[in-house]
Every structure is written in structure tokens, then in C-alpha cells.
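Every number in this text was worked out from the coordinates using simple rules, so none of it is lab data. Keep in mind the model is a prediction, meaning the values are calculated, not measured. Here the Cβ positions follow ideal geometry from the backbone for every residue, glycine too, while neighbour counts run over all protein chains shown.
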Amino acid sequence: MFALDGRAALVTGAGQGVGAGIARLLAAQGAIVAVNDLDAERAERVSTTIRDAGGRAYPAVFDVTDPRAALLAIRAFERAVAPVDILVNNAGNGGAEGFRPTRFRQTVPEDWQRFADVNLFGVMACTKAVLDGMCARRFGRVITIASAAGVSGQAFGISLYGAAKGGAIAFMRHLAMETARDGVTANTVALGLMDPRPSGRELAHTAEQAERIPVGRLGTPEDAGAICAFLASTESAWITGQTLQVNGGAITT
Ligand SMILES: NC(=O)c1ccc[n+]([C@@H]2O[C@H](COP(=O)([O-])OP(=O)(O)OC[C@H]3O[C@@H](n4cnc5c(N)ncnc54)[C@H](O)[C@@H]3O)[C@@H](O)[C@H]2O)c1
């Protein structure tokens, strides 16, 4: 069950953290993985880790906010390795290298653009690059990593991030409608608070944050990878247009 042998996957922003976990899990299920990141060294390091563990992975260095660069890099991977069957839109700016919370009144239009560029338009750019091929082959899995912040009001100072993630969630729902008859599913994983320590960072008040989560801990890259491996599988074919809340039971209203 849930084997991904023979499938090719592209995971964006996979040079560390959540994306690296997703890339590792998909590779462990048998997928050939294109490890995308802006940072070439990170993409290379994660690809090497996967290969050392017996998997197949290739770095794919490009900026998801540049649609032309994304298209060219994805085509190059598809020509050299295999057509992309599974796309995980993970690149975003809400993680370990995220942003300083800023109330909306203190933001400027350049900030609005920056959040939309990576969390929403980056999702569209990568999806556009792979979608025709998926529909033609009548199999595809598009998975977008969003956040509880895109589903509900979470905290002060993250309205731009929440709006961009909420936009990505709505985009995926509509995409699911358009591609359902072509064998392509489109789902979103809305993550709760993730533990940044796998990327070598400390989160302020980690213990208190974990205490507020019913399961009693922050999320791990493996938690994110496991749900993506399932959503990427053939067996998940009847699940589309959904937003799965993966958050240790945290209430999101
Ligand atoms: N960390 C959390 O608590 C949390 C919670 C909810 C959702 N998320 C979401 O999960 C995803 C991953 O988060 P993370 O904690 O692993 O983040 P991270 O900051 O640790 O890693 C993100 C990676 O993406 C790369 N990246 C950034 N912009 C890029 C671009 N334009 N093109 C290509 N690569 C790019 C970075 O170089 C980095 O390696 C993000 O979409 C984030 O919004 C994270």
C-alpha cells in the first residue's frame, strides 16, 4: 500500500525543514525526487542524504517565484529524468526562516507582494508547469503545504502570510474541480506549528507551545512527509479538493 515506485516527485523548498522531510519520505516510498530549493547547497545536501539512504534524488535549483525559471528547470528535470507525477508545493516563508510578525497597519504593498509571490504565485507557477503533462498521462498529485494561518485567525502580525496561504487553499479547491476527471487530485495540507530544531533553530518557548497542542509536541518533517506520501499514492485517488489539518489536534476555528 502507498508505494510510489516508478513515480517522479518535485518537492519545492526541500533544502531543509518540512520540505526535506517530505522529500525523504517520498523517496523512501520509492519515488524519484527532484529536490528544489533556492539554495543550491541545501538542495544538493538533501539529495545526497536521500541517495545515501538508497533512494533516488536530484537537486533542482530555482526560485518558485520566477515562473519562467521554474518552467525551464522543471522541463530540464523531466527531459533528463522523468515527467513529474507528484508536485508538493512546499516553498513558503512561514517557517524557520520566516518573518517578523508585523501588524497589517505597519505593512506596505511591497510586503503584500512578497508574501503572495512565494506562498500563492509560486504554487501557481509550479502547478502550471506540470499540469498539462499530468492530465495527458491521466495521473497526477498536486499537494500544497499551507498553514493553520490560512484557515483561521491565528495570531497578531501574520495577516499577509495567512491571506497568501488562504489564497493557495482556495486555488487548490478550484484546481481539484477542474482536474478531477483527468486523474489529477489537488489537496492542501494545513500544518500547525512545526519544530524548527531539525533545521538547527530554536523556537522561543518551545515547551509552552508544545503544551498547548493536544498531542503534546510540535510537528516534525516526518509528520508532514507521511501525509504527503499518502496523498501522493494511487490509493488516495478519491480524496481531492480537501484541506487536511495536520496539527496535533490544535483547534483551528
Ligand atoms: N514551520 C512551521 O511552523 C510551519 C507551520 C505551518 C506551515 N508551514 C509551511 O511549511 C512550509 C515549509 O516550512 P519550513 O518550516 O520547512 O520552512 P524553512 O524556512 O525551514 O525552509 C523553507 C525552504 O524553502 C526554500 N525557499 C524559500 N523560498 C523559496 C523560493 N522562492 N523558491 C525555492 N525555494 C525557496 C528556503 O531556501 C528553505 O530551504 C512553508 O510553506 C511554510 O509556510 C510551516
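Among the GluC sites (Glu not before Pro) in segment 23-131, those located in a DSSP loop and surrounded by at most 15 other Cβ atoms within 10 Å of their own Cβ are Glu97. Between the exposed loop cleavage positions of the chain, defined as chymotrypsin sites (Phe, Trp or Tyr not before Pro) in a non-H, G, I, E, B DSSP state with at most 13 neighbouring beta-carbon atoms within 10 angstrom, the longest gap is 1-155. If R0 is taken as 30 Å, the Cβ-Cβ distance between Arg75 and Ala3 corresponds to a FRET efficiency of 0.65.
Annotation for segment 104-213: trypsin sites (Lys or Arg not before Pro) lying in DSSP loop with at most 14 further Cβ atoms inside 10 Å of their Cβ are Arg138, Arg201, Arg212. Looking at segment 178-223, which GluC sites (Glu not before Pro) are DSSP coil and have at most 14 other C-beta atoms within 10 Å of their C-beta? Taking segment 178-223 and a limit of 14 other Cβ atoms within 10 Å, the loop GluC sites (Glu not before Pro) found are Glu202.
Comparing mean-square fluctuations of Asn119, Asn93, Asn187 from a GNM of the chain with C-alpha springs under 10 Å, the top value falls on Asn93. By the helix-only formula, in which each DSSP H run with n ≥ 4 contributes -39500 (n - 2.57) and the sum is divided by residues, the chain has a 222 nm mean residue ellipticity of -12500 deg cm²/dmol. For the chain, relative contact order (Cα pairs under 8 Å, six or more residues apart, normalised by length) works out to 21 percent. Once the Cα-Cα distance is subtracted from the 0.36 nm per residue extended length, the Phe156 to Arg197 segment shows a gain of 12.4 nm.
Just Thr243, Thr206, Thr185 to compare: in a GNM of the chain, with alpha carbon springs under 10 Å, which one fluctuates most? In this elastic network of the chain, the residue with the biggest mean-square fluctuation among Thr243, Thr206, Thr185 is Thr206.
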